[in-house]
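Enquirer: Below you'll find the structure I mean.
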Amino acid sequence: MGDVISLAELRASRTAGGLRDLARSGRSPRLTFYFDLASPWTYLAAERADRLFSTARWLPAIGDALSVGPGAADPRDDALREAAERRAIELGMPLVWPEAWPAIGRGAMRVAALAADQGRAAPFVLAASRLAFCGGYELDDPEILAEAAAAAGLRLHEALAAAGQVGRDGAMERAALRLLRNGADALPAVTVGRLVFAGEPRLAEAAAAAAAPPPERRGSSGRRG
C-alpha cells in the first residue's frame with residue numbers, strides 16, 4: 001500500500017511554496033473568490049470578502065463537487081447546522097434556514113454565473129445570500145431571483161433566462177474540481193495567485209497573503225541614506 005497523503009499537509013506545503021513564489025515574483029497576486037449560494041458559509045463570508053478583496057473576481061463553483069468519497073459530509077448534518085449557527089452568532093449575523101435547504105437549486109447559481117460574466121457577481125451574491133439566509137426565501141423562486149438580479153443591476157429577462165440554461169453548470173462544476181485538485185475541501189474559497197484558502201474561517205489568512213507587500217526590487221532608483 002502506498003503512503004497516505006494528508007490533505008492538511010498538502011495544503012500547508014502548497015501555501016508555503018506559493019508564498020515564496022509570490023515573494024520572488026514581486027507581482028500583485030490575482031485574487032478569486034469562489035462561492036456556492038447553497039452554502040451558509042458563503043453568506044457568512046460574502047460581506048467580509050467584498051470588503052477584503054476589492055479587486056477579486058467572484059466565480060460560482062458547485063460545492064457538491066468538493067464532497068467526494070464515502071466520508072463526505074452531508075450538509076443536512078445537525079452538527080454542521082449547529083456550527084454555522086454558532087459562527088453566525090460569533091459574527092453577529094442573523095441566520096435563517098430556507099425551508100428547502102440544502103436543496104437550493106441550480107437556477108440561482110446559473111444567474112450568478114451570468115452576473116460573473118458581467119462583473120456583477122459580488123452584488124448578486126450579497127443580495128441572494130441575504131434573501132436566502134436572512135429572509136429564509138427560496139432562491140429559485142422567480143420573484144426572489146428577480147430581486148437579487150435587480151440589486152446587481154442585471155437585466156431581468158437575461159437573468160430569468162439564465163436560470164434555465166443548463167449549459168452553465170459544467171463550468172461551475174469544473175471550477176470546483178480545479179479547487180479540489182489544488183487541495184480545497186470547502187466553499188467559499190479564495191485563491192491568491194496559486195494559493196488556495198478553503199473555508200470561511202480562512203478569509204483572514206487569504207487577506208494577509210493578498211496584502212503582503214512585494215519585495216523591494218533590485219536596482220531600484222536611489223540609495224537609502
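The values are calculated or read from the model by the stated rules, or taken from the named source; none is laboratory data. All values reported here derive from a predicted model rather than from experimental measurement. A quick note on method: Cβ atoms are made from the backbone with ideal geometry, for glycine too, and the neighbour counts reach across all protein chains shown. Areas reflect the complete protein model, heavy atoms only, side chains present, ligands, DNA and RNA absent. Shrake-Rupley method; radii C 1.70, N 1.55, O 1.52, S 1.80 Å.
Enquirer: According to a simple spin-label model (label point 7 Å from Cα along Cα-to-Cβ), what is the distance in nm between residue 99 and residue 54?
Expert: 4.2 nm
Enquirer: If you don't mind, another one. Mind giving me the nanometre distance, one decimal, between the label points for residue 166 and residue 90, set 7 Å out from Cα along Cα→Cβ?
Expert: Reported label-point gap for residue 166 and residue 90 is 4.1 nm.
Enquirer: At residue 158 and residue 80, where each label point lies 7 Å from the Cα along Cα→Cβ, what is the point-to-point distance in nanometres?
Expert: Between residue 158 and residue 80, the label points sit 3.4 nm apart.
Enquirer: What is the extension gain from residue 174 to residue 205, computed as 0.36 nm multiplied by their sequence separation minus the C-alpha to C-alpha distance, in nm to one decimal?
Expert: Going from the current span to full extension adds 8.7 nm.
Enquirer: How much of the accessible area of the stretch 125-173, in percent, comes from carbon and sulfur atoms when a 1.4 Å probe is used?
Expert: Carbon and sulfur atoms account for 56 percent of the accessible area of the stretch 125-173.
Enquirer: Also: Determine the sum of side-chain charges near residue 32: Lys and Arg each +1, Asp and Glu each -1, restricted to other residues whose C-beta is under 13 angstrom from that of residue 32.
Expert: That works out to +4.
Enquirer: Also, I was wondering about something else. Calculate, axis by axis, the spread of Cα positions in the stretch 31-182 along the three principal axes, and write the results as whole Å, longest axis first.
Expert: Principal extents (Cα only, largest first): 40, 33, 31 Å.
Enquirer: OK, next. Can you give the convex hull volume per residue for the Cα atoms of the stretch 102-145, as a whole number of Å³?
Expert: 62 Å³
Enquirer: Here's another thing I want to ask about it. For residue 146 and residue 47, what does the FRET efficiency come to when R0 = 22 Å and r is the distance between their Cβ atoms, rounded to the nearest 0.05?
Expert: 0.50
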